Amino acid sequence: MPAALQQSRAAYDVIKERFGDAVSAFDANETMPFFEVADAGKWVEIALFMRDDPRLKFNYMACLSGMDYPEQNMLGIVCNLESLGVLGHRVAVKVRCSRDGGSIPSVACVWHTANWHEREAYDMFGMVFTGHPDLRRILCPEDWTGFPLRKDYQVQETYHGIKVPY
Amino acid sequence: MQELGKAESSTTRITRQNDNVVVIEKDLDTEHMLLSMGPQHPSTHGVLRLECMTDGEVVVQAEPYLGYLHRCFEKYAEKVDYPGIVPYTDRMDYLAGMNNEFAFCLAVEKLLEIEIPRRVEFIRVMVAELNRIASHLVAIGTYAIDLGAFTPFLFCFRDREHILSLLEWASGARMLYNYIWIGGLAYDVPADFRKRMAEFVTYFKPKARELYRLLTENEIFVQRTKGIGIMPADVAINFGWSGPMLRGSGVDWDLRRNDPYSVYPELEFKVPLPDGKFSEVGDCLSRHLVRALEMEESLKIIEQCLDRMPEEQGFDSRAAIPKRIRPRAGEVYGRAENPRGELGFYIVSDGKSTKPLRCKARSSCFVNLSAMKELSKGQLIPDLVAIIGSIDIVLGEVDR
């Protein structure tokens, strides 16, 4: 097992010990080791623990990507976290919610950078981030219909009288 | 003091002091004014709109509005095959196309698990560093223009032209290269490339120093940038800053060294940091200094690459490219140090298709810009221009 993967594993063990069944098993793949938050309601608590615990210190959120899983009728996010300049380990966290009207707690209060990333995920996939300070569309116009990156997205015919599909 | 009454409006009070002196007090209207800056403002470096709530000359809050250049990169990436995405990445950060291609190819190659020939690696690093210099030249030149200095801009663009013609010679295009391919390169470099590169390095070394002195020893420039838009290190990390922005705040972090890829571990270079003597750590001047010094480090990297690049007769730069690019099922977050910070690609492959299931681009400027609201609080409007310039945004990458 490569050193980076071992570090991620050790970090995961600390989280698993604290939260038990709220987090799923560790996926030890080499390109992006991750675990899933089974109980989405605990996500903010887990995030705070990950940021502040002296053994974890995940102070840097590199990326937050929205995801669409049409087969399971789910939406989700993937967060790439890292302890920048402190402990140096990395791990990815996945959180899922239902595809229709699902919501995920916002972690914008934990990492400032999540604010815009979550707005982008909402804009593209349509999951609601509860507790987000300013949940608006960010890249698409505010009166756009539909969520473009969902797999079953159909583009609207006209937008303010302009023909959209070409 | 006796109040006589209220007239005109509730903000006017008429009072009598000492028998016969009547004082009329009027509260001046202190409503905030909304000032919309952009999307066509020259200092926003593209189409960015800042909605500034101002109190006189002071910005109370500035809210960025983006998306004017949104071209659905991520949606397109799900529709075309992997090699077809490479040209799209050029068009994100169009000032550093090579670096974008490099980051994307690195991410896909992690899933493909293929061996890249050493000569290809060195050429990649060389063109990426060359492009980094070109990008920083634009950043510094336009920053100087924002602050009212015209000459450095001309100096920068004169030297950038040399780089663009070198890259055009190698790839056939000036800005949108499609040169770095998954598993290799579109072409090997031309026969005399090494010689011409060495000439360029000799030419540019004193120019980089000159440019450094031209701006950073200019009293007006220093006064406009020193102590403006200070970002403490821990807040910068929390905001997800990366690249010269993060190093400007004094965090010693560079992906080329801290999460090394390609042949960077073999190369020697320094990571410039502000020392706090000349600038205040975390201010606009620090960020500018980091960029100016980084160009000289890039030159050092190019020199080492020129020395170490293996020369091979009849080298085929496309030899390692798989016939059919179909990565194994899995997901990867690959990233590289771009001129503007960490450019990451989160790619999900189902193992069956030649198209990615999901391809998310983590744009460095998008993340850096998200701190704008914090940075702008309580600044003067002209300083706001200095702050946007120091973030060095390329709207093509912010909006994707």
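The values are calculated or read from the model by the stated rules, or taken from the named source; none is laboratory data. None of the values given here were measured: they were computed from a predicted structure. Heads up, the Cβs are rebuilt from the backbone with ideal geometry, glycines too, and the neighbour counts pull from every protein chain shown.
Listing for the model above:
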| item | result |
| --- | --- |
| Meets criteria (touching a Leu at 6+ places or on another chain (Cβ under 8 Å) and polar (S, T, N, Q)) for B:Thr202 | no |
| Given (1) surrounded by 14 or more Cβ atoms within 10 Å (Cβ to Cβ); (2) over 20 Å from A:Arg119 (Cα atoms); (3) within 13 Å of chain B (Cβ to nearest Cβ), index of the condition A:Ile46 fails | (3) |
| Hits in region B:227-255 - residues which are under 18 Å from A:Met61 (Cα atoms), in a helix (DSSP H, G or I) and either in contact with a strand residue (DSSP E or B) (Cβ under 9 Å, 6 or more places away or on another chain) or among the small types (Gly, Ala, Ser) (or both) | B:Ala233, B:Ala236, B:Ile237, B:Asn238, B:Pro244, B:Met245, B:Leu246, B:Leu255 |
| Region A:72-83: number of residues that are more than 22 Å from A:Arg9 (Cα to Cα) and either surrounded by 22 or more Cβ atoms within 10 Å (Cβ to Cβ) or within 11 Å of another protein chain (Cβ to nearest Cβ) (or both) | 2 |
| Tally of residues being within 19 Å of B:Glu199 (Cβ to Cβ) and aromatic (Phe, Trp, Tyr) across region B:156-172 | 1 |
| Residue in region B:312-330 that is free of Cβ contacts under 8 Å to residues at least 60 places away in the same chain, not in a loop (DSSP other than H, G, I, E, B) and not aliphatic (A, V, I, L, M) present | no |
| Checklist (1) away from chain A (no Cβ under 14 Å); (2) surrounded by fewer than 17 Cβ atoms within 10 Å (Cβ to Cβ); (3) modelled with pLDDT of 75 or more applied to B:Glu63, failing item | (1) |
| A:His160 being at pLDDT 90 or above and either surrounded by fewer than 16 Cβ atoms within 10 Å (Cβ to Cβ) or within 14 Å of another protein chain (Cβ to nearest Cβ) (or both) | no |
| Set B:Arg308, B:Arg328: member being farther than 30 Å from B:Gly56 by Cβ, surrounded by fewer than 24 Cβ atoms within 10 Å (Cβ to Cβ) and touching a Phe, Trp or Tyr at 6+ places or on another chain (Cβ under 8 Å) | B:Arg308 |
| Matching strands (runs of 3 or more DSSP E) fully within region A:84-157 where at least 2 residues are buried (at least 22 other Cβ atoms within 10 Å of the Cβ) and at the interface with chain B (Cβ under 10 Å from one of its Cβ atoms) | A:90-98 |
| Residues satisfying the stated conditions in region B:111-158, i.e. outside any helix (DSSP H, G or I), among the aliphatic types (A, V, I, L, M) and over 24 Å from B:Gln304 (Cα atoms) | B:Ile114, B:Leu147, B:Ala149 |
| Every residue from region B:256-265 that is within 14 Å of chain A (Cβ to nearest Cβ), part of a helix (DSSP H, G or I) and in contact (Cβ under 8 Å) with a residue 40 or more places away in the chain | none |
| Test: residue in region A:26-36 that is surrounded by fewer than 21 Cβ atoms within 10 Å (Cβ to Cβ), within 17 Å of the chain's Cα centre (by Cα), in contact (Cβ under 8 Å) with a residue 40 or more places away in the chain and away from chain B (no Cβ under 14 Å) | no |
| Unmet requirement for A:Ala4, which otherwise passes all of (1) farther than 30 Å from B:Glu337 by Cβ; (2) in a helix (DSSP H, G or I); (3) at pLDDT below 85 | (1) |
| Qualifying residues in region B:204-255 (those that are surrounded by fewer than 21 Cβ atoms within 10 Å (Cβ to Cβ) and at positive phi) - the one farthest from the other protein chains (Cβ to nearest Cβ) | B:Gly227 |
| Tally of residues being polar (S, T, N, Q), surrounded by fewer than 16 Cβ atoms within 10 Å (Cβ to Cβ) and in contact (Cβ under 8 Å) with a residue 12 or more places away in the chain across region B:37-60 | 0 |
